Amino acid sequence: MHRDSLVARGFTQGEGRVEYRIALDEALETLQAKGSTTNLDWSCVDTSSEMELARAAALFRKATEGDPNSHPDDDIIGFLKQLIQDGKTVDYAERIQIGTCAGVPAAVIALKVYPKDGWSSIYYLGVVPAFRRLGFGTEAMLRALYCLKAMGGVIYHDARVRETRQPVPSSRALADPRSALWKNGG
């Protein structure tokens, strides 16, 4: 029904989208089995400091380079503030973190956990271009899942465009065929 309504308004189906919903323990177990070295030192961003938030936003901007789901005009500060101000999610320092390699910022993660039901998600995970293809994405994913669990997460729920190379925690993740990207052809 929704599909017909979108088509009638000039929209066409875009790239495929896959949704994942998996127990956090199972996602951790699966990713740990792949093995990952620890090369990044992680620190939490002080979200009460505008200067720290601006520094984090600059790094998020750098990490979005080449991301097909990002645009140079995206409001990164607004994106981060939306996470921080979401009163339904846990308010932990670990929500926004920067991973450094030999003191150089290399990766960022932003996390969401709803304490009411344990639903959790990686709001954003990015690796700075100079550090890509070195295993830092897998390491950041593992760090994010550990932190989600420590913050009270029980279920990991996320989505990705099929073409991205984001690590998928489990082949048994539930793919929702109803989720698709739609774009206006006009």
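Each peptide in 118-129, 79-90, 95-106 receives the mean, over its residues, of other Cβ atoms within 10 Å, and ordering these scores from highest gives 118-129, 95-106, 79-90.
Listed by chain and number, the lysines placed with their C-alpha closer than 28 angstrom to that of Lys88 are Lys112, Lys116, Lys149; residues fewer than eight positions away on the same chain are left out. With both labels modelled 7 Å from their Cα along Cα-to-Cβ, the Arg55 to Arg133 distance reads 3.1 nm.
Once the Cβ-Cβ distance of Asp75 and Asn39 is raised to the sixth power relative to R0 = 25 Å, the FRET efficiency obtained is 0.20.
Count Lys and Arg as plus one, Asp and Glu as minus one, and take only other residues whose Cβ is under 12 Å from that of Ala107; the net charge is then +1. The phi-based Karplus calculation (6.51 cos²θ - 1.76 cosθ + 1.60; θ = phi - 60°) puts the 3J(HN,Hα) values of the stretch 142-149 at 4, 4, 4, 5, 4, 5, 4, 5 Hz, whole numbers, x for Gly and Pro.
If you plug the beta carbon distance of Lys62 and Ala102 into 1/(1 + (r/R0)^6) with R0 = 22 Å, you get a FRET efficiency near 0.85. A Förster radius of 35 Å, combined with the Cβ-Cβ distance separating Ala23 from Asp46, puts the computed FRET efficiency at roughly 0.65.
Taken together, the values in this text are just the output of simple stated rules run on the coordinates, not laboratory data. Predicted, not measured: the structure shown is a model, and the values here were computed from it. Neighbour counts are summed over all protein chains in view; Cβ atoms, including those assigned to glycine, are modelled from backbone coordinates with ideal geometry.
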